[in-house]
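This is the structure, below, for whatever I ask next.
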Protein chains: 2
Amino acid sequence: MLSSNLLRSVFPVSSEWVFSCIKCGSRRYCQKPFKKLTISDALSTKALGSNIRIQGWVRSVRSQKEHLFLHVNDGSSLQPLQVVASHDLNDRGLTFGSAIDVSGSLEKSPSGKQNVELHAKQIQVTGKCDPTEFPFKIKERHSLEYIRQFPHLRCRTNVFSALLRVRSEATSAIQSFFKDNGFIQIHTPVITSNDCEGAGELFQVEPASRDKQQDERDPHYFSVPTYLTVSGQLHLEVMAGAFPAVYTFGPTFRAENSQSRRHLAEFYMVEAEISFTESLEDVMTVMEHLFKASTEHVLTHCAEDVELFHKFVAPGHRGQVDLMLSRKFNVISYTEAIDILNRSSQIFTFPTKWGCDLQTEHEKYLVKHCGNIPVFVTDYPYDLKPFYARDNQDHPRHTAAAVDLLVPGVGELCGGSLREERLEILRSRIIQAGMEDAYEWYLQLRQFGSVPHGGFGMGFERYLQCILGVDNIKDVIPFARFSHSCLL
Amino acid sequence: MLSSNLLRSVFPVSSEWVFSCIKCGSRRYCQKPFKKLTISDALSTKALGSNIRIQGWVRSVRSQKEHLFLHVNDGSSLQPLQVVASHDLNDRGLTFGSAIDVSGSLEKSPSGKQNVELHAKQIQVTGKCDPTEFPFKIKERHSLEYIRQFPHLRCRTNVFSALLRVRSEATSAIQSFFKDNGFIQIHTPVITSNDCEGAGELFQVEPASRDKQQDERDPHYFSVPTYLTVSGQLHLEVMAGAFPAVYTFGPTFRAENSQSRRHLAEFYMVEAEISFTESLEDVMTVMEHLFKASTEHVLTHCAEDVELFHKFVAPGHRGQVDLMLSRKFNVISYTEAIDILNRSSQIFTFPTKWGCDLQTEHEKYLVKHCGNIPVFVTDYPYDLKPFYARDNQDHPRHTAAAVDLLVPGVGELCGGSLREERLEILRSRIIQAGMEDAYEWYLQLRQFGSVPHGGFGMGFERYLQCILGVDNIKDVIPFARFSHSCLL
């Protein structure tokens, strides 16, 4: 069932698994990987007339006078393979959702709808599926909301299978982007003893079964209270003291009570930190390149899957994506943003006074104002930003070198800043916040060979929403966790 | 500071950041990435005589009659760049560990120790480092145990910087292996409501600040008790019902109280699941190829970093690694393993009767018995394995289609099995264990289009220990979490 790019050229392959090493018995490690034919391989071949064997799930069954027509999908591509069989190969188990194993010859299809079709010589039903009990129905297009109720089965729908292929390819594109640009990947920890970054409500972690007596003597497994990480930034800053550039890509957590279509309790963040960086532009350049390079990769490598979203989920969204890719992102300062909001005729719910945080309604207005091109908003009021943001020392408008990237539909996609690398300025701010004990280690990063550095985080699910046009964040993650819901 | 393979050929570059898009003002997204010169770039260039600017940390300072010699490292490679400066560029801040910014011309080095050296025209100390307070000392080789006390600074040592480059490259090699072989990457969840997989002590998760009153009405944030995942397997099995092959690579958790050199509370697992797989050999083939392909990639792409470990941390270990790569892994059944142990003259602490689990002492003996070549042990007693392992139905020796991969030094590196895909057999085992309510969803995977499938998990830290010869698991992870310790 595994396919290999290396071996794609040697097709047609045998219909059995090829175990080049274990089965050939060679004493020397054999470089040839295993190989099994996927439906994606079969659809793209030109080796007509060859005998092949494929396995997958039935997507449709059509009985005509002469033949039985099946569409079989194995998740290797959106397109199914058409199987043509004589009626004597029919079986009551050949229903929508059942798993089958088919051998036959691959032939040119007389229809214009597909290039090839499989003329079955043998069909075996390996796993039945009772259509009356299966929650998805043949030829019905179920809503994203409906399939969300079945987290263990929704990957069997075309739309969620496409989403998962896009998510996998986007992950890979992001990792390639960083690797090609010399970033070291760091696995920042999920469990942390940092509790005062102020990025929202925390989850606490303790063993499920703690001995009550032990609890009094020794209340915490780790000796200190521990939490699920809200960001890998501080740990990446450790690494920015030893590498030119680092990144992390993993789960982060917020215990917020909102049930909005924009929030999850567990979501993925891409975070990067760049050493020897003296300007916010350096950070913005990486953000813009990351967005554009990853998106172009996904559009190229998952064209059919992306098209499904742009056709059925968010009609017309492709134009929006192309627009974002073709234009240089806008840059405005927070102060300019406030001016734009105050000059607008729109009435906002939240205040637009200098010093107030930008709300979703403001972010949406600003993106629209910029012609639906993503916009960087820079240099926020110092007091709005966390203790690590670098002081611009620009009295009386006292700002920090921080930046948010706002995108159409989603609002804030990325947030970044230069980090305060000057020991004395950082120390006084940490003392002011009463955090000097907890952050002694963080101050030491500046005490020993400090370098100017900066970085950002990008919400990966919001990124997928932005490029696919998916409205609800729960529909772009394999298993959604949010207040009152942790299925499976 | 970022480098790009694409642009390595156009060196020499300007000494400043090149912002191809934002700075060129082009309305069309410009494909050229940003570029800054790393020390790795400088060391590998042949463009002698060019003016460059590099930044990094001072690794050594040597004052000779005519000149000052500095070794500067920026984490892009193990090798430092030698900087030669006249004494008038000397500065009291030029100490071990300080961060500097140097401009000058890159010249051929007269010494045989390096190809090129930088003749400094300007040196600026950007971050001082007081050598009396810095915990690492110039020219001293600190033990892994010593540097472990400074999790925020140990990445500044050669050995841990090398470890992190190897870890990053190994991560990338594993991801490429799966991608090239058609596996879809799935982000399996960290927070889960599954609590009975029996893989060890669980961590429980709740918001840090829960309102007491709320607690009575609604005791759990997710409405049910939730835990940190011990394995992504069950979630991957969901996906094995829709894709040919899937994998996950992320953190997993155990709240065990051991403080051994083999255990962490948070560690990384690579897990794969393959659909339409009817034999344990299919799973073993993927394990063996994964191990060999990733290791060969790391040995090739991180040669200097790996050599540091094989020279100073585990002298002679390279021979062991080459031996593992050159030989086909052994395969013995659990029953054969028990026979081997019983025939041995060694006295074991734990029993070696058929039906008993293999302990570390047994695993070590078996690997030695197999000439220090990794060995697959297959077909364990049915009662030793979790409910999902496939029943071999081979009475009276009742076994399951499960396999462990044992490797020298580490013992168990991977564990895998075929999964029970037959609805009725699985249902009766789940009912027997009293888990039918919790696993209704898991049974449904078999009710609707079930396919034979199997998979495995590999401990990523143990993998790194195995190829580098590192004795303590705490020394192969960026931030170690274990009983009574969660620094940072």
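Does A:GLY75 satisfy the condition of being within 14 Å of another protein chain (Cβ to nearest Cβ), crowded, with 19+ Cβ neighbours inside 10 Å, touching a helix residue (DSSP H, G or I) at 6+ places or on another chain (Cβ under 6 Å) and closer than 26 Å to B:TYR442 by Cβ?
Spelling it out, A:GLY75 is indeed within 14 Å of another protein chain (Cβ to nearest Cβ), crowded, with 19+ Cβ neighbours inside 10 Å, touching a helix residue (DSSP H, G or I) at 6+ places or on another chain (Cβ under 6 Å) and closer than 26 Å to B:TYR442 by Cβ.
While we're on this one: Could you run through segment A:183-228 and say how many residues are within 22 Å of A:PHE456 (Cβ to Cβ), modelled with pLDDT under 95 and facing chain B (nearest Cβ under 9 Å)?
Total satisfying the criteria: 2.
Let me ask something additional. Would you please name the residue that is nearest to the other protein chains (Cβ to nearest Cβ), looking only at residues in segment B:469-488 that are more than 19 Å from B:SER161 (Cα to Cα) and outside any loop (DSSP other than H, G, I, E, B)?
B:SER485
I need a count of the residues in segment A:55-70 that are crowded, with 20+ Cβ neighbours inside 10 Å and either of a type in the set (Ser, Thr, Tyr) or in contact with a Ser or Thr (Cβ under 8 Å, 6 or more places away or on another chain) (or both).
5
For the structure I just gave you, tell me whether B:LEU89 is free of Cβ contacts under 8 Å to residues at least 40 places away in the same chain and out of contact with any Lys or Arg (no Cβ under 6 Å at 6 or more places or on another chain).
yes
Quick one: what pairs do we get from segment B:350-374, first residue closer than 13 Å to B:ILE340 by Cα, second of a type in the set (Asp, Glu) and surrounded by 16 or more Cβ atoms within 10 Å (Cβ to Cβ), C-beta under 9 Å, 6+ apart or different chains?
Here the result reads B:LEU358/B:ASP404; B:LEU358/B:GLU412; B:GLU363/B:ASP404; B:GLU363/B:GLU412, each pair linking segment B:350-374 to a residue that is of a type in the set (Asp, Glu) and surrounded by 16 or more Cβ atoms within 10 Å (Cβ to Cβ).
Please go through segment A:143-180 and pick out each residue that is in a loop (DSSP other than H, G, I, E, B) and either under 14 Å from the mean Cα position of the chain (by Cα) or more than 9 Å from every other protein chain (Cβ to nearest Cβ) (or both).
A:SER143, A:ARG148, A:GLN149
Quick test of your reading of the structure: A:ASP101 fulfils all but one of (1) more than 30 Å from A:VAL476 (Cα to Cα); (2) over 33 Å from the mean Cα position of the chain (by Cα). Name the failing condition by number.
A:ASP101 satisfies all of (1) more than 30 Å from A:VAL476 (Cα to Cα); (2) over 33 Å from the mean Cα position of the chain (by Cα) except (2).
Looking for something under 30 Å from A:GLY56 (Cα atoms) and assigned to a loop (DSSP other than H, G, I, E, B) - is there at least one such residue anywhere in segment B:286-296?
Taking every residue of segment B:286-296 in turn, none turns out to be under 30 Å from A:GLY56 (Cα atoms) and assigned to a loop (DSSP other than H, G, I, E, B).
Further question: Would it be correct to say that B:ARG427 is in contact with a helix residue (DSSP H, G or I) (Cβ under 9 Å, 6 or more places away or on another chain), closer than 24 Å to A:THR95 by Cα, away from every other protein chain (no Cβ under 14 Å) and not hydrophobic (A, V, I, L, M, F, W, C)?
Judged against the criteria, B:ARG427 is a match.
What is the one condition in (1) surrounded by fewer than 19 Cβ atoms within 10 Å (Cβ to Cβ); (2) away from every other protein chain (no Cβ under 14 Å); (3) not in a loop (DSSP other than H, G, I, E, B) that A:VAL125 does not satisfy?
Among (1) surrounded by fewer than 19 Cβ atoms within 10 Å (Cβ to Cβ); (2) away from every other protein chain (no Cβ under 14 Å); (3) not in a loop (DSSP other than H, G, I, E, B), the lone unmet condition for A:VAL125 is (2).
Evaluate segment B:328-343: report whether one residue or more is touching a Cys at 6+ places or on another chain (Cβ under 7 Å) and of a type in the set (Lys, Arg). Before the answer, list the steps.
We begin by selecting, within segment B:328-343, every residue touching a Cys at 6+ places or on another chain (Cβ under 7 Å); these are B:328, B:330.
Among the residues that remain, those that are also of a type in the set (Lys, Arg) are: B:328.
Within segment B:328-343 (the criterion being touching a Cys at 6+ places or on another chain (Cβ under 7 Å) and of a type in the set (Lys, Arg)), the answer is yes, since at least one residue qualifies.
Which one of these is within 14 Å of another protein chain (Cβ to nearest Cβ), acidic (Asp, Glu) and without any contact (Cβ under 8 Å) to a residue 60 or more places away in the chain: A:GLU440, A:GLU436? Break it down into steps so the answer makes sense when it comes.
Values: A:GLU436 fails: within 14 Å of another protein chain (Cβ to nearest Cβ).
It is A:GLU440.
Taking segment A:292-306 only, how many residues are within 11 Å of chain B (Cβ to nearest Cβ) and free of Cβ contacts under 8 Å to residues at least 60 places away in the same chain?
Qualifying residue count for the region: 2.
Anything in segment B:316-344 that is closer than 22 Å to B:GLN359 by Cβ, away from chain A (no Cβ under 14 Å) and in contact with a helix residue (DSSP H, G or I) (Cβ under 7 Å, 6 or more places away or on another chain)? List them, or say none. Step through it out loud before you land on a result.
First pass over segment B:316-344, keeping only residues closer than 22 Å to B:GLN359 by Cβ: B:329-344.
Pick out the ones that are also away from chain A (no Cβ under 14 Å) and you get B:333-344.
Selection gives B:ALA337, B:ILE340, B:LEU341, B:SER344.
Looking at (1) crowded, with 22+ Cβ neighbours inside 10 Å; (2) touching a helix residue (DSSP H, G or I) at 6+ places or on another chain (Cβ under 7 Å), which one does A:HIS310 not meet, given that it meets all the others?
Every condition holds for A:HIS310 apart from (1).
Here's a follow-up. For residues that are farther than 16 Å from A:ARG167 by Cβ and acidic (Asp, Glu), scanning just segment A:279-306, find the one that is surrounded by the fewest Cβ atoms within 10 Å (Cβ to Cβ).
Restricting to residues being farther than 16 Å from A:ARG167 by Cβ and acidic (Asp, Glu), the top hit is A:GLU296.
So, in segment A:398-424, of the ones that are surrounded by 21 or more Cβ atoms within 10 Å (Cβ to Cβ) and within 25 Å of B:LEU153 (Cα to Cα), which residue ends up nearest to the other protein chains (Cβ to nearest Cβ)?
Among them, the one singled out is A:GLU421.
Also, quick follow-up: Can you tell me which residues in segment A:432-488 are closer than 21 Å to A:LEU406 by Cα and of a type in the set (Lys, Arg)?
If the condition is that a residue be closer than 21 Å to A:LEU406 by Cα and of a type in the set (Lys, Arg), then A:ARG462, A:LYS474 are the ones that fit.
Return a yes/no flag: does segment A:70-90 have any residue that is under 15 Å from A:THR38 (Cβ atoms), charged (D, E, K, R) and in contact with a strand residue (DSSP E or B) (Cβ under 6 Å, 6 or more places away or on another chain).
yes
The values are calculated or read from the model by the stated rules, or taken from the named source; none is laboratory data. This is a predicted model, so every value here is computed, not measured. Glycine also receives a Cβ, built like all others from the backbone with ideal geometry; neighbour counts cover every protein chain displayed.
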